[in-house]
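The values are calculated or read from the model by the stated rules, or taken from the named source; none is laboratory data. Note that the structure is a prediction, hence the values are computed from the model and not measured. Cβ sites come from the backbone with ideal geometry, for glycine too, and all protein chains shown count toward neighbours. Quick note on the areas: whole protein, heavy atoms, side chains included, nothing else; ligands and nucleic acids left out. Shrake-Rupley method; radii C 1.70, N 1.55, O 1.52, S 1.80 Å.
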Amino acid sequence: MIKFQDYNFKGKKAIIRVDFNVPLNAEKQITDDTRIRMALPTIEKIIADGGAVVLMSHLGRPKGGPEEKYSMKPLVSYLTKALSREVKFAEDCIGDETLSLKKNLKAGDILLLNNLRFYKEEEKGSKEFAQKLAEGVDVYVNDAFGTAHRAHASTTIIADFFPNDKMFGYLLAQEVESMNKVLKEGEKPITAILGGAKVSSKISVIENMLDKVNNIIIGGGMTYTFVKAQGGNIGSSLVEDDYLETAKNVLAAAKQKGVNIYLPIDSLNADKFDNAANTSVSDIDKVPDGMMGLDISDKTIALFKDIILKSKTILWNGPMGVFEMENFAKGTIAIANALVEATKNGSFTLVGGGDSVAAINQFNLADQVSYVSTGGGAMLEYIEGKVLPGVAAILD
Ligand code: AMP
């Protein structure tokens, strides 16, 4: 596999699949530029080498034809400023005019293509469409982790046209390395902290983790299905009755494989799903009727913290409670802080999956853990043990 940092782009034209699917306000201003900022080092390296760059991405969910509101054009002024050089724009991502813009690129030039999803062929993974994207350039770089789990034309199929000149950009390489540091090369003890609302959406992750880690900490809404499965009282807490058997099977499989599963031991309960609810604390298996568990409480926090601080490698996916409400955020904050402490002690800590990333950002702790993943769905599929087509296309 070619390493991006070792490749010399002098005199080359590189097309980069970036994830510039950023939120725009009514005035077409970017309200969160994280995704673009993270891709800048990849663009800058190619320019510094003396290459030219073609940028392609999707934005929003157009219905398969051009729509002004999903035009990438508003990104041009941002990119021009961020990269301190002119950024050209192609109104169409394929076609004769775009091809001639590509052909005229000189060292140091940057061209942004319009939204890939103006063509249905993108999401269908059309070979013909991928070939048109590939025309007029020498190298393919994939730096869009957020779409790496989709076999789209620009994320996967296009790689076939660059058998000897395809590679990950810095961002995607970092994502894959971070996940492998946990799943393939993790220093033991390895702990996965899995939270969030439902067992059903995390069951594949839990099952895959049983073969990779020493400890699994379970928190969040999922907890109560596990507790009910073992005969506990969970009041009106979130529960998936059709997953009670699954929960039992997971606990049995963990025992058989020698993996420790830690469930919460106490619960912060509320009389309604509201930040202003009346609350009380109970043992996890004694939630009173009419009350629902919305967070872990002090005994659980102490237990989980102890396990986290004894671990050398930690993966965190999913909040411990309804952290969006201030009164039920304590458990999630405590876990985030424990991860920060573990990181300071030299452990490798990876945070991924939509809501734990939102939580760690909300607490302003993102720069104090080892790595925060940028791809929610892609990260989840990777830790479910699935092969990501965008990653496989480069590794092949
Ligand atoms: P997920 O998308 O599956 O990771 O779930 C994240 C959501 O789970 C967040 O919006 C949390 O508010 C929610 N959540 C966490 N703990 C609980 C709980 N005990 N009861 C209900 N919802 C919860």
Discussion item. Pairs please, first residue from region 343-354 and of a type outside the set (Lys, Arg) and open to solvent by 10 Å² or more (accessible area, probe 1.4 Å), second anywhere and more than 16 Å from the ligand (Cβ to nearest atom) and assigned to a helix (DSSP H, G or I), Cβ atoms under 8 Å, 6+ apart in sequence or on different chains.
Written reply: Thr343/Gln368; Asn345/Leu309; Phe348/Lys181; Phe348/Val182
Worksheet item: Does any residue of region 180-190 turn out to be aliphatic (A, V, I, L, M), modelled with pLDDT of 95 or more, over 27 Å from Asp6 (Cβ atoms) and within 16 Å of the ligand (Cβ to nearest atom)?
Response: no
Discussion item. On the basis of being under 29 Å from Gly375 (Cβ atoms), in a helix (DSSP H, G or I) and assigned by TED's automatic domain parsing to the domain that holds Asn215, does Asn327 make the cut?
Written reply: no
Worksheet item: Are there any strands (runs of 3 or more DSSP E) wholly within region 134-248 with 3 or more residues that are open to solvent by less than 10 Å² (accessible area, probe 1.4 Å), and if so which?
Response: 139-142, 190-194, 215-218
Discussion item. Residue under question is Thr313, and the condition is that it be touching a residue at least 60 places away in the same chain (Cβ under 8 Å), of a type in the set (S, T, N, Q) and surrounded by 15 or more Cβ atoms within 10 Å (Cβ to Cβ); does it hold?
Written reply: yes
Discussion item. Looking only at region 362-374, filter to residues that are more than 14 Å from the ligand (Cβ to nearest atom) and assigned to a helix (DSSP H, G or I); which one of those is most open to solvent (accessible area, probe 1.4 Å)?
Written reply: Asp367
Discussion item. For the condition small (Gly, Ala, Ser) and in contact with a Gly (Cβ under 6 Å, 6 or more places away or on another chain), what is the one hit in Ala144, Ala107, Ala90, Ala134?
Written reply: Ala107
Practice prompt. Could you please let me know if Gly377 is of a type in the set (Gly, Ala, Ser) and crowded, with 20+ Cβ neighbours inside 10 Å?
Written response: no
